[in-house]
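Shown next, in structure tokens, is the structure this report addresses.
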Amino acid sequence: MNDPEQRELWFLTGSPHLYGPEVLDRVARDSAEIAGFLDRAGRLPARVVWKPTLTGPDEILGACLEANSTWACVGVIAWMHTFSPARMWIAGLSRLDKPMAHLHTQYNRDLPWDRIDMDFMNLNQSAHGDREFGFIGARLRMNRKIVVGHWQEEDVLVKLDGWARAACALEASRRLRIARFGGMNMRDVAVTGGDRVEAQIRLGWSVNGYGMGDLAQWIAAVGQAEVPPLLDEYEARYTVAPELRKGGSRRASLEDAARQELGLRHFLQEGGFGAFTTTFEDLHGVGQLPGLACQRLMADGYGFGAEGDWKTAALVRLLKGMAPDGVSFMEDYTYHLAPGEECVLGAHMLEVCPSLAAGRPTLEIHPLGIGGKADPCRLIFEAAPGPAVNATLVDMGGRMRMIVNEVDIVPPPRRMPRLPVASAVWVPRPDFRRGCEGWILAGGGHHTACGRGATAGQLEDFAGMAGIEFVRIGAGTDLASLRNELRWNDAAYRLMP
């Protein structure tokens with residue numbers, strides 16, 4: 001994500017000259033107070049910047065074009081204090097390419113019933129002006145977030161926060177560079193592929209392929225002095241297995257893992273990459289499949305996808321900007337089907353982010369039966385319980401579809417002392433059977449971005465901003481309705497240009 005101190009949300013207020021300069025002065029004071037409150041509340045992931053009241057089409061067009069060309073501006077919040085004829089907004093809104101939230105509020109919370117006169121009515125007519133503004137948004141078929149309620153209410157702040165995080169993610173998406181190391185399509189897997197050109201057109205993702213030999217050169221170039229401080233960090237942050245500690249029989253393997261991390265980190269930083277992929281099918285010049293390195297880079301905010309899965313790598317990166325509490329690459333690996341205990345065991349060969357960990361991870365080394373390389377080091381832990389989302393992005397041929405399942409991460413029903421990888425156990429919503437059936441019906445992939453602090457609402461906002469299809473599977477999901485939704489979506493997207 002770009003620097004939070006530099007991100008801005010512009011607060012735009014509409015009002016005509018109709019009611020005179022005194023009303024416009026009051027509109028300016030009131031809207032500046034609302035913008036200031038939203039900025040000082042500390043709830044939004046960007047500064048809220050008040051802009052002077054917009055009273056005509058030229059001013060509106062200029063503000064929208066300025067927002068488009070200002071890197072710091074990640075979105076606009078629009079509010080009509082009084083009536084604002086919507087024809088004034090057509091030119092500006094037609095050109096606006098930053099996300100927009102329509103804040104349907106009014107300055108005063110309560111009506112002063114015993115003092116209402118026409119002066120009050122003319123000044124405080126957001127109920128009137130916002131409906132006019134809402135029509136032109138619908139007429140222009142704009143994607144916009146509509147937030148209803150008084151500007152000081154907690155619910156309004158929560159909804160604006162979710163939308164703003166999605167807007168920040170869109171800005172990061174438009175600049176995201178992804179490095180794919182190794183083969184571009186592993187073992188004829190279908191769901192991890194997709195149209196990279198369409199992804200760049202629609203989402204801004206630049207997907208770049210590199211041979212593992214390129215990465216091997218960066219690993220080989222790591223200076224010997226860089227390794228010991230990183231090994232000390234491992235000792236401080238994790239419970240390191242005895243054979244990997246200083247003087248241990250497999251210490252050299254941990255040193256190799258540290259060089260992998262440093263080389264990979266230098267490569268990504270030098271190239272300005274925010275996400276990357278690896279594949280166990282192509283490890284030319286690398287001693288072991290990167291495990292620890294991928295986990296730790298994810299913990300620092302990088303997106304990752306195994307087996308060349310660039311779409312999931314990008315989603316992990318974007319979710320980390322929306323929900324810093326815990327996001328990881330994940331795979332639905334196997335099921336527990338005991339009646340009344342049905343759940344999913346999620347894991348991967350090595351690469352689950354420690355930001356999900358319930359406690360202090362252990363750093364261990366174990367054999368890996370695929371890849372034909374040395375035993376890799378990895379962090380092992382169980383994910384902390386709590387609500388989460390699993391998100392995937394699939395190419396439906398001509399369009400992208402984002403599928404999100406709301407889940408509950410739970411403690412494992414039994415201990416797993418022999419499982420040599422990090423893991424998470426969850427129950428899909430609305431329940432195991434309907435959640436799994438809905439996921440398969442929608443074509444969801446086996447790789448996901450798992451976010452413990454993210455919400456389906458944030459991802460729905462992002463999908464709308466990016467113009468991609470969104471399918472939500474959660475507590476209220478009805479499978480018959482979901483089938484119809486998928487049919488209608490297919491028909492609708494065939495009609496779109």
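The values are calculated or read from the model by the stated rules, or taken from the named source; none is laboratory data. Fair warning: this is a prediction, and the values are worked out from it, not measured in the lab. Neighbour counts run over all protein chains shown; Cβ positions are idealised from the backbone, glycine included.
Here is the figure for the range 426-458: residues that are among the aromatic types (Phe, Trp, Tyr) and either farther than 26 Å from ARG165 by Cβ or out of contact with any strand residue (DSSP E or B) (no Cβ under 7 Å at 6 or more places or on another chain) (or both) total 1. Scoring GLU351 on the criteria (1) within 29 Å of ILE468 (Cα to Cα); (2) out of contact with any Cys (no Cβ under 9 Å at 6 or more places or on another chain); (3) not in a strand (DSSP E or B) leaves a single failure, condition (2).
Could you list all residues from the range 287-303 that are surrounded by fewer than 24 Cβ atoms within 10 Å (Cβ to Cβ) and polar (S, T, N, Q)? Once the filter is applied, which keeps residues that are surrounded by fewer than 24 Cβ atoms within 10 Å (Cβ to Cβ) and polar (S, T, N, Q), the range 287-303 yields only GLN288.
Would you call VAL207 of a type outside the set (S, T, N, Q), modelled with pLDDT of 95 or more and not in a helix (DSSP H, G or I)? Judged against the criteria, VAL207 is a match. The lone criterion from (1) under 30 Å from GLY75 (Cα atoms); (2) surrounded by 18 or more Cβ atoms within 10 Å (Cβ to Cβ) left unmet by ARG202 is number (2).
Residue-wise test of (1) of a type in the set (A, V, I, L, M, F, W, C); (2) surrounded by 15 or more Cβ atoms within 10 Å (Cβ to Cβ).
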site	(1), (2)
GLY182	no, yes
GLY194	no, yes
ALA221	yes, no
LEU230	yes, yes
ALA236	yes, no
ALA241	yes, yes
ARG245	no, yes
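Quick check on the range 102-120. Is at least one of its residues assigned by TED's automatic domain parsing to the domain that holds ALA164, surrounded by 22 or more Cβ atoms within 10 Å (Cβ to Cβ) and out of contact with any His (no Cβ under 8 Å at 6 or more places or on another chain)? Within the range 102-120, one or more residues are assigned by TED's automatic domain parsing to the domain that holds ALA164, surrounded by 22 or more Cβ atoms within 10 Å (Cβ to Cβ) and out of contact with any His (no Cβ under 8 Å at 6 or more places or on another chain). Comparison of ALA190, ALA199 shows that the only residue that is assigned to a helix (DSSP H, G or I), hydrophobic (A, V, I, L, M, F, W, C) and in the same structural domain as LEU315 (by TED's automatic domain parsing) is ALA199. Flag not set for GLN125, criterion: modelled with pLDDT of 95 or more and either among the polar types (S, T, N, Q) or assigned by TED's automatic domain parsing to the domain that holds GLN217 (or both). Only residues that are assigned to a helix (DSSP H, G or I) and closer than 20 Å to ASP408 by Cα were counted in the range 455-497, giving 6.
Of all residues in the range 97-145, exactly one satisfies the criterion of being assigned to a helix (DSSP H, G or I), charged (D, E, K, R) and in contact with a helix residue (DSSP H, G or I) (Cβ under 6 Å, 6 or more places away or on another chain), namely GLU132. Determine if the range 39-61 includes at least one residue that is aromatic (Phe, Trp, Tyr) and over 28 Å from the mean Cα position of the chain (by Cα). Within the range 39-61, none of the residues are aromatic (Phe, Trp, Tyr) and over 28 Å from the mean Cα position of the chain (by Cα).
Between ARG360, ARG296, the distinction of being under 22 Å from the mean Cα position of the chain (by Cα) and on the phi < 0 side of the Ramachandran plot belongs to ARG296 only.
Tallying residues that are closer than 15 Å to GLN295 by Cα and within 29 Å of the chain's Cα centre (by Cα) within the range 239-285 yields 15.
Residues of the range 278-303 that are out of contact with any Phe, Trp or Tyr (no Cβ under 6 Å at 6 or more places or on another chain), outside any loop (DSSP other than H, G, I, E, B) and closer than 19 Å to LEU363 by Cβ: LEU292, ALA293, GLN295, ARG296, LEU297, ALA299. Per the listing ALA166, ALA216, the residue uniquely crowded, with 17+ Cβ neighbours inside 10 Å, among the small types (Gly, Ala, Ser) and in the same structural domain as SER253 (by TED's automatic domain parsing) is ALA216. Determine if the range 378-386 includes at least one residue that is crowded, with 20+ Cβ neighbours inside 10 Å, of a type in the set (A, V, I, L, M) and in contact with a helix residue (DSSP H, G or I) (Cβ under 8 Å, 6 or more places away or on another chain). Within the range 378-386, one or more residues are crowded, with 20+ Cβ neighbours inside 10 Å, of a type in the set (A, V, I, L, M) and in contact with a helix residue (DSSP H, G or I) (Cβ under 8 Å, 6 or more places away or on another chain). Hey, any hits in the range 237-248 for a residue that's out of contact with any strand residue (DSSP E or B) (no Cβ under 7 Å at 6 or more places or on another chain) and β-branched (Val, Ile, Thr)? Taking every residue of the range 237-248 in turn, none turns out to be out of contact with any strand residue (DSSP E or B) (no Cβ under 7 Å at 6 or more places or on another chain) and β-branched (Val, Ile, Thr). Taken over the range 304-340, residues that are assigned to a loop (DSSP other than H, G, I, E, B) and either of a type in the set (Ser, Thr, Tyr) or crowded, with 24+ Cβ neighbours inside 10 Å (or both) amount to 2. Only one entry of ALA241, ALA275, ALA236 meets the criterion of being assigned by TED's automatic domain parsing to the domain that holds LEU297, within 19 Å of PRO361 (Cβ to Cβ) and in contact (Cβ under 8 Å) with a residue 24 or more places away in the chain, and that entry is ALA241.
Determine if the range 458-479 includes at least one residue that is at pLDDT 95 or above, assigned by TED's automatic domain parsing to the domain that holds THR192, touching a Cys at 6+ places or on another chain (Cβ under 9 Å) and crowded, with 16+ Cβ neighbours inside 10 Å. Taking every residue of the range 458-479 in turn, none turns out to be at pLDDT 95 or above, assigned by TED's automatic domain parsing to the domain that holds THR192, touching a Cys at 6+ places or on another chain (Cβ under 9 Å) and crowded, with 16+ Cβ neighbours inside 10 Å. Do we find that TRP89 is assigned to a helix (DSSP H, G or I), crowded, with 22+ Cβ neighbours inside 10 Å and among the aromatic types (Phe, Trp, Tyr) in this structure? For TRP89, the condition - assigned to a helix (DSSP H, G or I), crowded, with 22+ Cβ neighbours inside 10 Å and among the aromatic types (Phe, Trp, Tyr) - is met. Within the range 186-204, can one find any residue that is farther than 30 Å from ALA449 by Cβ, in contact (Cβ under 8 Å) with a residue 40 or more places away in the chain and not charged (D, E, K, R)? No - not one qualifying residue is present in the range 186-204.
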